[in-house]
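See below for the structure under consideration.
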Amino acid sequence: MNKMTSKEIAEIILIQYLARTNKLSPLIVAIDGLSGSGKTILVHQIERELRDNDCKVVIIHIDDHIVERTKRYDTGFDEWYEYYYLQWDIEMLTNQLFQRLRNNSNDLSLPFYDQTIDSLTTRQLSISNNSIVLIEGIFLQRKEWKSFYDYILFLKCPREVRCERVLKRDKYIGDLEKRLNKYKRRYWPGEDYYLEAEKPIEHADKVIDILNN
């Protein structure tokens, strides 16, 4: 967990890409981490570095593919359960995203969530076989998905730092105390479950300690 720049991380990914055994298949990289760990910023930094090395890069943000609110709120389940198990259509993404990527499908058809109207719109993604696919998001190493990646990065960041970040990020969304209580009820228990059930830090190929970056 030494200090690493985005350029150094991109170099590691590039090595993995060049060394892949199936040259007719894209390299699938997971950029995993809990809320507020800096995944989105890092993935775009890595993208720029890879493009500077003439790589074709596709970014997939897993949060673009959550389901409508009625399917993940007030379902009768505990809030952490709704967050971990119902926030995404796990089976659909397994079939339509991960399996198709692994089977070298060039065209993907995926639902994209629009928060402003709480609705999904299907869009097409074209991915060439010589691409590097960076999948960014939380809970990426859940048991249904973790076997599909060629390389896994995990961003490690203390909860107190992540809490400060997400509350600043969400400062325009409702009362601060209500937001904090929601994290305590819903998000953090879901994260704790993930850490215990899947042990993503132990299973990642590279752990990046954000405090050292």
Lys, Arg +1 and Asp, Glu -1 on Cβ, resulting dipole of the range 96-185 about Cα centre, debye, nearest 20: 460 debye
Net dipole in debye of the chain [+1 Lys, Arg Cβ; -1 Asp, Glu Cβ; about Cα centre; nearest 20]: 260 debye
Apportionment of accessible area to carbon and sulfur, the chain, percent (1.4 Å): 48 percent
Calculated [θ] (222 nm, deg cm²/dmol) that DSSP helices of n ≥ 4 give over the chain, each run adding -39,500 (n - 2.57): -9000 deg cm²/dmol
In degrees, nearest ten, helix 188-198 long axis to first principal axis of the chain (Cα): 40 degrees
For the chain, convex hull volume per residue from C-alpha positions, Å³: 125 Å³
Length-normalised contact order of the chain in % [C-alpha pairs under 8 Å, at least 6 apart]: 35 percent
Computed accessible area, residue 199, all protein chains, 1.4 angstrom probe, square angstrom: 80 Å²
Accessible-area ranking of 203, 44, largest first, probe 1.4 Å: 203, 44
Accessible surface ranking that places the most exposed of 100, 123, 162 first, with a 1.4 angstrom probe: 123, 100, 162
For the chain, built as a Gaussian network whose Cα springs stay under 10 Å, the top-fluctuating residue of 60, 31, 12: 12
For the range 96-213: rounded, prolate or oblate by the Cα gyration tensor [a/c cutoff 1.5]: oblate
Heavy atoms of residue 121 accessible to a 1.4 Å probe, total area in Å² rounded to 10: 70 Å²
Calculated from backbone phi, Karplus (6.51, -1.76, 1.60) coupling profile of the range 24-29 in Hz, x at Gly/Pro: 9, 10, x, 8, 10, 10
Long pairs among 7/56; 23/146; 143/182; 39/182; 7/206, criterion Cα-Cα beyond 23 Å: 143/182
Cα gyration tensor shape for the range 1-58, rounded if a/c is under 1.5, else prolate or oblate: prolate
Ranking by accessible area, most exposed first, for 122, 94, 116 with a 1.4 Å probe: 116, 122, 94
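The values are calculated or read from the model by the stated rules, or taken from the named source; none is laboratory data. Please read these numbers as outputs of a predicted model, since none were measured by experiment. Here the Cβ is made from the backbone with ideal geometry for all residues, glycine too, and neighbour counts use every protein chain on show. Calculation scope for accessible area: heavy atoms of the full protein, side chains included, ligands and nucleic acids excluded. Shrake-Rupley method; radii C 1.70, N 1.55, O 1.52, S 1.80 Å.
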